[in-house]
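The values are calculated or read from the model by the stated rules, or taken from the named source; none is laboratory data. Predicted model, so just to flag it, every value in this text is computed and none were measured. Glycine also receives a Cβ, built like all others from the backbone with ideal geometry; neighbour counts cover every protein chain displayed. Ligands, DNA and RNA are stripped out before the accessible areas are found, and what is left, the full protein with its side chains, is counted by its heavy atoms. Shrake-Rupley method; radii C 1.70, N 1.55, O 1.52, S 1.80 Å.
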Amino acid sequence: MPERLSAREILALVADEATFSELPGRIREPKADGPLGWQGYDASRARATARTGEEESVVCGTASVKGAPAVLIAFEFGFLGGSLGERTGDRLEAAYHHARAHRLPVVPLIATGGSRMQEGMLALSQLQRVARESALTREAGLPQIAVLRDPTTGGGWATLGAGADVVLALPGAQVGFAGSRVRPPDADPAAYSAGGQVAVGSADAVVQPAELRETLGRWLRLLTTPAQEAPAPPALGTAGLPATGWDAVQRARSPQRPRAQAYLDAYFTRRLDISGDRCGGTDPDGMLCGFGERDGRTVAYAAQTGAATRPAGYRTAARLIRLADRLDIPVLTLVDTPGAANDAEAERQGAGAAIAEAFGAVASARVPITTLVIGEGGSGGALALAAPGNTWATPDSYFSVIAPELAAAILKRPKDEVEATAEQLRIRPQDLVELGVIRGIVNHLP
């Protein structure tokens, strides 16, 4: 079991020295043995206060994290298991109100077993209050970054945790909707762990405690310092244009040309990835998404890696674009895929719906999106990430309604006509400029 830090200890771990200022909040006067008259509840609360020094299960306040201001919400698990009751809801509501009034991001540091049994449905209904406050904060364009401590279960996970924009977790933390005492006896414990939640795309990363302040500070700076204009397309491709359509295909498929990782490393001073589609999937081999710093400001990115993109990759990209749009952060997309994954498992995972989600996120974004085709632009699986009117290409790329081999097969042409088909499709970068499909060619030296 990982070390369980108290609320004050986790605050000391993440907040810059002498910057934490506790928010008083509105705390209602408690009724004898609580709203249900639960016998012994007052005594339980008194013992919890004596043990922890706290009067409730959360401590809320403002602080700087590596110089970045935020509202911090720290759960005290030693106080009745960090459970949520009416007075907990009062404190959480006040903290979110303060965040919106002062335009501050919110960082919940969660350690809770769920809703408080001794307050019954009045405790459970606090989740609706929390969900509303989180939603209003989201609408206000303020980021929420959750840190999952041990344990993060029940409604605290299903609202403050899973509902955050970025979800970080401490190693070994127990994370899941079902707490340890209510799961099926044969349940796989890995499914209820921090690592397990990252693996299925419900959390973004596991962070060591010693690195938590630095990581949180970087996230807070990235999500609150947007670039002010559309990102310029990166210039990393080789010079010289392909002579034929087939030449363009060969160059795009060459293992020697730069890939997404190289473009991102060259473009950004530093960057942090998000991971997962928040509905059970990740696509680490097909899609890289996150936020990076360029010239001191933040640009979001969604980059295909050259592999067939899986449904989770499209959903993660859509999640990234929607988040960037809400935080007013411009987006760079890198197109490089032979096409969307088309195996039976991809269909079972909702390939069509996932691609539609990516198309919709790009189409509805209010922030500027810049697209660079850096390799293969295979059909709708590539077009889903392309910005209408602001797509560029490198000399190492092609963009096609379908791969030439597949086009020839559909047209019932023999294999020796694939190269001629590639020429007919007019897929070279210079053809795409002439057709008005892209704005220009990046890194072309005449």
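Descriptive notes on the structure:
- Among the trypsin sites (Lys or Arg not before Pro) within segment 49-151, those in coil by DSSP and having at most 16 neighbouring Cβ atoms inside 10 Å are Lys66, Arg103.
- Proximal charge balance of Gly296 [Cβ under 14 Å; K/R count +1, D/E count -1]: +3
- Largest to smallest in accessible area, the residues Thr62, Thr224, Thr137 fall in the order Thr224, Thr62, Thr137 (1.4 Å probe, all protein chains included).
- Shape descriptor for the chain: Rg over Rh equals 1.07 (Cα atoms; Rh from the Kirkwood inverse mean 1/r).
- Highest mobility in the GNM of the chain, judged by mean-square fluctuation with C-alpha springs under 10 Å and restricted to Val418, Val182, Val433, is found for Val182.
- Here the sum of -39500 (n - 2.57) over DSSP H runs of 4 or more residues, divided by the residues of the chain, equals -10000 deg cm²/dmol at 222 nm, to the nearest 500.
- Highest mobility in the GNM of the chain, judged by mean-square fluctuation with C-alpha springs under 10 Å and restricted to Pro143, Pro184, Pro24, is found for Pro184.
- Helix runs (DSSP H) in the chain reaching 15 Å along axis by Cα, Kyte-Doolittle at least -0.5: 212-224, 311-326, 351-364
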